[in-house]
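*Asks:* Take a look at this one; I'll ask things after.
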Amino acid sequence: MTLHGDVGSHGLDGGTEMAASGSIWSHATQIAAGRFNAATYVTDLMVRWSSGALNNHVGTTTGGLGSEQPIHGPDKTWTHSVIMTTGQYTGDGLTNDLIIRWNDGETTLYKDTRLGSEIMIAPPAQAARQVRP
């Protein structure tokens, strides 16, 4: 796994290897950077593993992965997430919200993520088709 800390009009920087090929990181299925544990400005790395477990690496930098903070253990439901992204969607000024798109098309928002309340943004695709004429 490589971290490219400088992405701009000139392309990617040389990158910093964060984990060797063939390491446990081959089981990471989705990653997203954000500010999930922020008393100060730090960048965290949220990781969804093939088991459905979700971890946050607090304070990840080009110097290495931050300390691992489990969010939840293996969870079969989370193996159905297909897209995971972060952003500032709730107006608190922090990139600490997590959006998940599930394999059935449902899209949900987790505010101030330590995976508190789930807010449905879009219903599953089947339900959406049933509503349309």
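*Asks:* Can you give the Kirkwood hydrodynamic radius for the chain, in Å, rounded to one decimal and based on Cα pairs?
*Replies:* 16.0
*Asks:* Can you give the helix-only mean residue ellipticity at 222 nm for the chain, where every DSSP H stretch with n ≥ 4 adds -39500 (n - 2.57) and the sum goes over all residues, rounded to the nearest 500 deg cm²/dmol?
*Replies:* -1500 deg cm²/dmol
*Asks:* For the chain, modelled as a Gaussian network with Cα springs under 10 Å, which listed residue fluctuates most, GLU17, GLU106, GLU68?
*Replies:* GLU17
*Asks:* Percent relative contact order of the chain, based on C-alpha pairs within less than 8 angstrom and at least six residues apart?
*Replies:* 14
Values in this text are rule-based calculations from the coordinates and carry no lab data. Since we're looking at a predicted model, the values are computed, not measured.
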